[in-house]
């Protein structure tokens, strides 16, 4: 399993291509044909999955019952719009224009390793999401049981 844990400040080029930092590229699963999946995040960011990780998420969501209204809504809103992209020879991925607009990505971007996936943020939007240590401690206590 891939474990992304880094935070990077980087830039998009004029065509909307993102160069993945070497540490992230080194952790991508081998034999993926350089394919990644990008989808809109729940917050105003983009989520980038290695193909093997996206297949796990896809399997969970697509296996939900089509006879359950909430399941259908999740499938209808989560899966469509995901884009399969490939890293080029220079380690860049082209982010679709509609996704650049959704996440308000311009030149400066912040890349976060979040376990099995990568988040790509507009730096000012990311700063609004950061919790202080006291808030983080409370949330951790609430959600993580020993």
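Would you compute, from DSSP H runs of 4+ residues alone, the mean residue ellipticity of the chain at 222 nm, taking -39500 (n - 2.57) per run and dividing by the full residue count, rounded to the nearest 500?
Numbers: 6 runs with 52 residues, N = 146.
So the helix-based figure for the chain works out to -10000 deg cm²/dmol.
Restricting to Cα pairs below 8 Å that are 6+ residues apart, what does the relative contact order work out to for region 1-106? Please round to a whole percent.
Values: 119 pairs, mean separation 37.3, N = 106.
Taking the mean separation of contacting Cα pairs over the length of region 1-106, I get 35 percent.
In terms of its C-alpha gyration tensor, region 13-75 comes out oblate, because a/c is 1.5 or above while a/b does not outweigh b/c.
Using the Cβ-Cβ distance between residue 22 and residue 106 with R0 set to 22 Å, the FRET efficiency from 1/(1 + (r/R0)^6) comes to roughly 0.40. The alpha-carbon atoms of region 1-127, seen along their principal axes, cover 44, 32, 24 angstrom, with the largest extent given first. The simple Förster model, with R0 at 25 Å and r as the Cβ-Cβ distance, assigns residue 78 and residue 125 a FRET efficiency of 0.75.
If r is the Cβ-Cβ distance from residue 136 to residue 2 and R0 is 22 Å, what FRET efficiency results, to the nearest 0.05?
Numbers: r = 24 Å, r/R0 = 1.07.
Efficiency computed from Cβ-Cβ geometry: 0.40.
Comparing mean-square fluctuations of 105, 136, 93 from a GNM of the chain with C-alpha springs under 10 Å, the top value falls on 136. Tell me whether region 45-105 comes out rounded, prolate or oblate; compute the Cα gyration tensor, take square roots of the eigenvalues as a ≥ b ≥ c, and use a/c under 1.5 as the rounded threshold. Oblate, since a/c reaches 1.5 and b/c is not below a/b.
Which residue, 133, 44, 75, tops the fluctuation ranking in a GNM of the chain built on C-alpha contacts under 10 Å? Highest fluctuation of the listed residues: 133.
Every read-out reported here was derived from the displayed coordinates using simple, explicitly stated rules and does not represent laboratory data. None of these values were measured; they are calculated from a predicted model. Methodologically, a virtual Cβ is constructed for each residue, glycine included, from the backbone with ideal geometry; neighbour enumeration extends over all protein chains shown.
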